[in-house]
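See below for the structure under consideration.
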Amino acid sequence: MTERIDGHTLLIGLMAYPIRHSMSPTMHNNAFAKLGLNYAYLAFEVDNDTLPSAIQSIRTLDMRGSNISMPNKQKVIPLLDKLDPAAEMVGAVNTVVNDDGILTGYTTDGIGFMKSLDDEGIDIRGQKMTLAGAGGAGTAIAVQAALDGVKEMSIFNQHDAEWENAKRNVKLINEKTDCHATLHELEDRDDFKKEIQSSFIYTDSTGVGMKPLEDKTLVDDPSWFNNPDLVVFDTVYAPRETKLMKVAKQAGLKHVFNGLGMMLEQGAAAFKLWTNKDMPVDYIRHILF
Ligand code: NAD
């Protein structure tokens, strides 16, 4: 690292709180080193109170940009100059790019989802997706999939704080894209089963299956997965194989994925926005996991 840093090195930040656990600095700094790019990526503990001055410092210090994570993904929007259309629809930003003092906000989680499926040779454009969850990840996935050409989307959520968000997502997708989206109650098990069974892909973005819910899944009956060609995607990547994935494999499904590829590809999409270079994703996967 010290060999790379000189008077020309451009800084990229990560502004969130808490943030010390993040894998992003390791991801990006190793990718810069591998490609010989003169950037450095550092994590900064930034909360809602310190966000305005932290964002201003991107301009002041002529940083190349920053990742933005919780609790700042929505709060950052009014502090930026421009928004990418997907970020505007999602209502959240995880990547900021500084072009000569003009800050543009992007969201790359949905891009990461679509790209990770492309990497596996799976094209969901023109197909139907059933999606559980309408929180941060679910919204990004729904919006990007709709923008990229998924034809039909059945969005399920339980009646919790995110229900209104699920309603908003469905309305927005129907108004602004060619995708036909419908809203469904997760509590209606028969409807949930029917929609999964008529889909090309079932995506779970609820985090059920992750600690402390490792032994839980929204679908615990393998007979629900009666179509061997169904794609099952869980956004969770720790554990690597969630309960949902186990049930899907037990049912004999061939295309069953965790969120690792999405995590790597959302980082790669941000990397490309800052550097205009492709992140060496396989190399980084090897370093991180
Ligand atoms: P969030 O809190 O914003 O949203 C959670 C969603 O799940 C909401 O729709 C909520 O209604 C629903 N939900 C929560 N508990 C539930 C339960 N017990 N039963 C049914 N539904 C439930 O969270 P988020 O930021 O969207 O993250 C969700 C998951 O996605 C997490 O596991 C996170 O690790 C993962 N994620 C992965 C990536 C990746 O790159 N792979 C990126 C972002 C998030």
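The values are calculated or read from the model by the stated rules, or taken from the named source; none is laboratory data. Just so you know, these numbers come straight off a predicted model, no measurement behind them. Cβ atoms come from the backbone with ideal geometry, glycine included; neighbour counts cover every protein chain shown.
The condition of being within 16 Å of the ligand (Cβ to nearest atom), closer than 22 Å to Tyr41 by Cα and either of a type in the set (A, V, I, L, M, F, W, C) or modelled with pLDDT under 95 (or both) holds for only one of Ile77, Ile68, that being Ile68. Scanning region 237-257 for residues that are more than 27 Å from Ile12 (Cβ to Cβ) and either within 15 Å of the ligand (Cβ to nearest atom) or small (Gly, Ala, Ser) (or both) gives Pro239, Arg240, Glu241, Thr242, Lys243, Leu244, Met245, Ala248, Ala251, Gly252, Val256, Phe257. Restricting region 240-272 to residues that are touching a Pro at 6+ places or on another chain (Cβ under 7 Å) and among the small types (Gly, Ala, Ser), the residue that is surrounded by the most Cβ atoms within 10 Å (Cβ to Cβ) is Ala251.
Okay, residues lined up against (1) out of contact with any strand residue (DSSP E or B) (no Cβ under 8 Å at 6 or more places or on another chain); (2) at pLDDT 95 or above; (3) within 24 Å of Leu186 (Cβ to Cβ); (4) within 16 Å of the ligand (Cβ to nearest atom):
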| position | (1), (2), (3), (4) |
| --- | --- |
| Tyr106 | no, yes, no, yes |
| Gly110 | yes, yes, yes, yes |
| Phe113 | no, yes, yes, yes |
| Ala142 | no, yes, yes, yes |
